[in-house]
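Engineer: Before I ask anything, let me first share the structure, which is written out below as structure tokens.
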Amino acid sequence: MDYIFFMMKTNSFKKICRLAGETCVRYKLISDGDRILAGLSGGKDSWVLVHVLEHLRKHAPVEFRIETATFDPGFEDFGVENIAAYCKEHNWKHHTVKLDIPGIIREKNFASAPCVLCSRLRRGKLYGLSQELKCNKLALGQHLDDIISSFFMSLCRGQGITSMAPLVKPQNPAHPAVIRPLALVPEELIRQCAETLDLPQKTGKCRYEETVKNGDRAEFGRLTEMLASRIPNLRENIAHSLTKLEKDHLLLIPEDID
């Protein structure tokens, strides 16, 4: 492989580790003694997340432990075995949680919005496993593009100026805190990094993949791409704006109005 090309690709991992490290420090995502369960779907985002967490574990000034978990939705040839084998090769503790998602969707008559139901069930299973393993943090692989898409979705649906936070403290003390170390990492950087890693291929896919491609989140992702082609540093600018809430310049209703 060409040396310059190799270094360019390697630099993507270094950049991600730097951004993730800054995110962890800024939002206090990881503390000494933490036990972290990382959600590992087998997609590029979650693989990069685990590699980055492992790098941080080896170099951070605090000590913490990492375990991984994959949600098996019950689709044919989903490929959990490949994920487990890769984790074993890298000496990562791996767990599998299973559910018959197709059966539950039929039972609940949720065919029109399968992703919503699956997401809730998956999160619940991961919460349960975190408690079982005594993990106080659940690490998820959402990146900056995901956060921007969520912001646009909430804005356009009238749900408020909100998105996905890097740190979500649990309302239920028994649940783990949710952390997103890749919150400030652009998706393109993750894509570049994933190409340098010898990751196992997913042998199966979600049967609702077309629904995802045509859904609101994907549509707002395409909107972000379009805007980014016209506005320099769009993603970084939106991320910065989400740290500055100017209450005096919003349509907030004063509390003292009858």
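The values are calculated or read from the model by the stated rules, or taken from the named source; none is laboratory data. Because the structure is predicted, anything quoted here is derived from the model rather than measured. Ideal geometry is used to build each Cβ from the backbone, glycine not excepted, and the neighbour counts take in all protein chains shown.
Engineer: For residues in region 147-173 being more than 14 Å from residue 23 (Cβ to Cβ) and in contact with a strand residue (DSSP E or B) (Cβ under 8 Å, 6 or more places away or on another chain), which is surrounded by the most Cβ atoms within 10 Å (Cβ to Cβ)? Steps first, please.
Structural biologist: Step one: list which residues in region 147-173 are more than 14 Å from residue 23 (Cβ to Cβ), which gives 148-163, 169-173.
Then keep just the ones that are in contact with a strand residue (DSSP E or B) (Cβ under 8 Å, 6 or more places away or on another chain); that gives 169-170.
Numbers: 169: 10, 170: 14.
Here the residue is 170.
Engineer: From the list 41, 46, pick out the single residue that is under 26 Å from residue 208 (Cα atoms) and either modelled with pLDDT of 95 or more or crowded, with 21+ Cβ neighbours inside 10 Å (or both).
Structural biologist: Details: 41 fails: either modelled with pLDDT of 95 or more or crowded, with 21+ Cβ neighbours inside 10 Å (or both).
On inspection, the qualifying residue turns out to be 46.
Engineer: Can residue 141 be described as outside any helix (DSSP H, G or I), of a type outside the set (A, V, I, L, M, F, W, C) and at negative phi?
Structural biologist: Details: outside any helix (DSSP H, G or I): yes; of a type outside the set (A, V, I, L, M, F, W, C): yes; at negative phi: yes.
So residue 141 fits the description; yes.
Engineer: Could you identify the single residue in 138, 144, 117 that is over 30 Å from residue 197 (Cβ atoms), surrounded by 15 or more Cβ atoms within 10 Å (Cβ to Cβ) and in contact with a helix residue (DSSP H, G or I) (Cβ under 9 Å, 6 or more places away or on another chain)? Talk me through it step by step, then tell me what you get.
Structural biologist: On the way: 138 fails: over 30 Å from residue 197 (Cβ atoms); 144 fails: over 30 Å from residue 197 (Cβ atoms).
Going through 138, 144, 117 in turn, the sole match is 117.
Engineer: While we're looking at this one, here's another question. Just to check your reading of the model, which residue among 224, 196, 162, 243 is touching a helix residue (DSSP H, G or I) at 6+ places or on another chain (Cβ under 8 Å) and farther than 26 Å from residue 50 by Cβ? Spell out the reasoning first.
Structural biologist: Numbers: 224 fails: farther than 26 Å from residue 50 by Cβ; 196 fails: farther than 26 Å from residue 50 by Cβ; 243 fails: touching a helix residue (DSSP H, G or I) at 6+ places or on another chain (Cβ under 8 Å).
From the options 224, 196, 162, 243, the qualifying one is 162.
Engineer: I need a count of the residues in region 11-33 that are over 17 Å from the mean Cα position of the chain (by Cα) and either hydrophobic (A, V, I, L, M, F, W, C) or crowded, with 20+ Cβ neighbours inside 10 Å (or both).
Structural biologist: Matching residues across region 11-33 total 2.
Engineer: Within region 63-88, count every residue that is among the aliphatic types (A, V, I, L, M), assigned to a helix (DSSP H, G or I) and out of contact with any Pro (no Cβ under 8 Å at 6 or more places or on another chain). Don't jump to the end; show me each part of the working.
Structural biologist: If we filter region 63-88 for residues that are among the aliphatic types (A, V, I, L, M), which is where we start, we get 66, 69, 80, 83-85.
Cutting the leftovers down to assigned to a helix (DSSP H, G or I) gives us 80, 83-85.
From what is left, the residues that are out of contact with any Pro (no Cβ under 8 Å at 6 or more places or on another chain) are 80, 84.
Final tally of qualifying residues: 2.
Engineer: How many residues does region 91-118 hold that are aromatic (Phe, Trp, Tyr) and under 25 Å from residue 132 (Cβ atoms)? Spell out the reasoning first.
Structural biologist: Of all residues in region 91-118, those aromatic (Phe, Trp, Tyr) come to 92, 110.
With under 25 Å from residue 132 (Cβ atoms) added as a condition, the list becomes 92.
Total satisfying the criteria: 1.
Engineer: For region 24-45, give me the residue count where each residue is within 17 Å of residue 166 (Cα to Cα) and either of a type in the set (Gly, Ala, Ser) or not in a strand (DSSP E or B) (or both).
Structural biologist: 12
Engineer: May I pose another question? Assess whether residue 103 counts as being under 27 Å from residue 214 (Cα atoms) and touching a residue at least 40 places away in the same chain (Cβ under 8 Å).
Structural biologist: Values: under 27 Å from residue 214 (Cα atoms): yes; touching a residue at least 40 places away in the same chain (Cβ under 8 Å): no.
In short, no.
Engineer: Further question on the same structure: Does residue 127 satisfy the criteria of being more than 19 Å from residue 177 (Cβ to Cβ) and either in contact (Cβ under 8 Å) with a residue 24 or more places away in the chain or polar (S, T, N, Q) (or both)? Please lay out each step first, then the result.
Structural biologist: Numbers: more than 19 Å from residue 177 (Cβ to Cβ): no; either in contact (Cβ under 8 Å) with a residue 24 or more places away in the chain or polar (S, T, N, Q) (or both): yes.
When the stated conditions are applied, residue 127 does not pass them.
Engineer: List every residue pair whose Cβ atoms lie under 8 Å apart, where the two residues are 6 or more positions apart in sequence or sit on different chains, the first residue falls within region 191-217 and is at pLDDT 85 or above, and the second residue, located anywhere, is in a loop (DSSP other than H, G, I, E, B) and surrounded by 14 or more Cβ atoms within 10 Å (Cβ to Cβ).
Structural biologist: Within 8 Å, the pairs are 200/42; 200/79.
Engineer: Also, quick follow-up: Given the conditions (1) within 19 Å of residue 152 (Cα to Cα); (2) buried (at least 17 other Cβ atoms within 10 Å of the Cβ); (3) modelled with pLDDT under 95, and given that residue 185 satisfies all but one, which numbered condition is not satisfied?
Structural biologist: So the condition that residue 185 fails would be (3).
Engineer: Could you list, in sequence order, all residues of region 107-134 that are touching a Leu at 6+ places or on another chain (Cβ under 8 Å), in a helix (DSSP H, G or I) and either of a type in the set (Gly, Ala, Ser) or farther than 17 Å from residue 70 by Cβ (or both)?
Structural biologist: Result: 108, 130.
Engineer: Which residues, taken from region 75-100, are touching a residue at least 24 places away in the same chain (Cβ under 8 Å), at positive phi and loosely packed, with under 15 Cβ neighbours inside 10 Å?
Structural biologist: Scanning region 75-100 gives a single hit, 77.
Engineer: Quick one: would you say residue 21 is within 24 Å of residue 186 (Cα to Cα), of a type in the set (Gly, Ala, Ser) and not in a loop (DSSP other than H, G, I, E, B)? Reasoning before the result, please.
Structural biologist: Numbers: within 24 Å of residue 186 (Cα to Cα): yes; of a type in the set (Gly, Ala, Ser): yes; not in a loop (DSSP other than H, G, I, E, B): yes.
Against the criterion (within 24 Å of residue 186 (Cα to Cα), of a type in the set (Gly, Ala, Ser) and not in a loop (DSSP other than H, G, I, E, B)), residue 21 qualifies.
Engineer: Further question on the same structure: In region 129-177, what residues are modelled with pLDDT of 95 or more and among the basic types (Lys, Arg)?
Structural biologist: 134, 137, 169, listed by residue number.
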